[in-house]
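Colleague: Take a look at this one; I'll ask things after.
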Amino acid sequence: MPSFKGEYEHSVDSKGRVAFPAKLRKSLKPEAQESFTLLRGQESCLYLYPKDEWKNVEEKLSKINSFSKKGRLVKRKLLRYAEDLTLDKQNRVPLPSHLKDWAGIDGSAIFIGMGEKIEIWSPEKLDEEDSKQSDETYQDIFEQVMGDQIIEEDDAD
């Protein structure tokens, strides 16, 4: 599994292309063949899955019951706006206008490594999302998600 991590900001050209960060490119498996699936994220960002990781998502989707209303809704919302794409010769990601506009990406884009996928954000939308979370809230969520691996300063005494 690739381990995409870090944050990288690049400008978006007039044709909607943005340079794919070199450090993230180094984490691509050869099986990805510099091919991706781009789709709307759960927040106001885009998800960029390398081809090999997208196959894992498709496998999970194939197990969803398409006869249930919730199953159809999840598949429709996820796949409706999905686009397959490949890096160009200058290692740029072409952002389709309907996805770029939906995510509010204009002059620049921020790539955030998220383990198996990459999020692409408008700097403004990312700031809005970050401002919703206080440091205290983050600590609470971190403890809930990661378990009791955090040692409080008071408990260390």
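Just so it is clear, none of the values below were taken in a lab; they were calculated from the coordinates. None of these values were measured; they are calculated from a predicted model. For neighbour counting, all protein chains shown are included, and Cβ atoms are generated from backbone atoms with ideal geometry for every residue, glycine included.
Colleague: What's the longest bit of the chain with no exposed trypsin sites (Lys or Arg not before Pro), using DSSP loop states and at most 16 other Cβ atoms within 10 Å as the test?
Modeller: In the chain, the maximal stretch lacking such sites is 90-131.
Colleague: OK, next. List the longest stretch of the chain that has no exposed loop site; here a site is one of the chymotrypsin sites (Phe, Trp or Tyr not before Pro) assigned by DSSP to anything other than H, G, I, E or B, with at most 16 other Cβ within 10 Å.
Modeller: 82-157
Colleague: Around Glu83, under 12 Å between beta carbons, what's the net of Lys plus Arg minus Asp minus Glu among the other residues?
Modeller: +2
Colleague: Cα axis of helix 51-62 to longest principal axis of the chain: angle in degrees, 0 to 90, nearest 10?
Modeller: That works out to roughly 80 degrees.
Colleague: I've got another one for you. What is the Cα centroid distance between the range 101-116 and the range 47-70, reported in whole angstrom?
Modeller: Cα centroid to Cα centroid, the span is 21 Å.
Colleague: Can you sort Ile110, Ile64, Ile141 by how many other beta carbons sit within 10 Å, fewest first?
Modeller: Final ranking by Cβ density, sparse to dense: Ile141, Ile64, Ile110.
Colleague: When the chain is fully extended, how far beyond the present Cα-Cα distance does Glu143 get from Lys63, taking 0.36 nm per residue of separation?
Modeller: Using 0.36 nm per residue and subtracting the Cα-Cα distance, I get 25.7 nm.
Colleague: For helix 135-146, report the angle its Cα long axis makes with the longest principal axis of the Cα atoms of the chain; keep it between 0 and 90° and round to the nearest 10°.
Modeller: Orientation of helix 135-146: about 80 degrees from the principal axis.
Colleague: Rank the residues Val18, Val57 as a footprinting-exposure proxy: fewest other Cβ atoms within 10 Å of their Cβ go first.
Modeller: Lowest count first: Val57, Val18.
Colleague: Give me the dipole magnitude in Debye, nearest 20, for the range 7-123 about the Cα centre, with unit charges on the beta carbon: positive for Lys and Arg, negative for Asp and Glu.
Modeller: The dipole of the range 7-123 has a size of about 560 debye.
Colleague: Let me understand the chain better: what is its radius of gyration from the alpha carbons, and its Dmax, in angstrom?
Modeller: Cα only, the chain: 17.6, 58 Å (Rg, Dmax).
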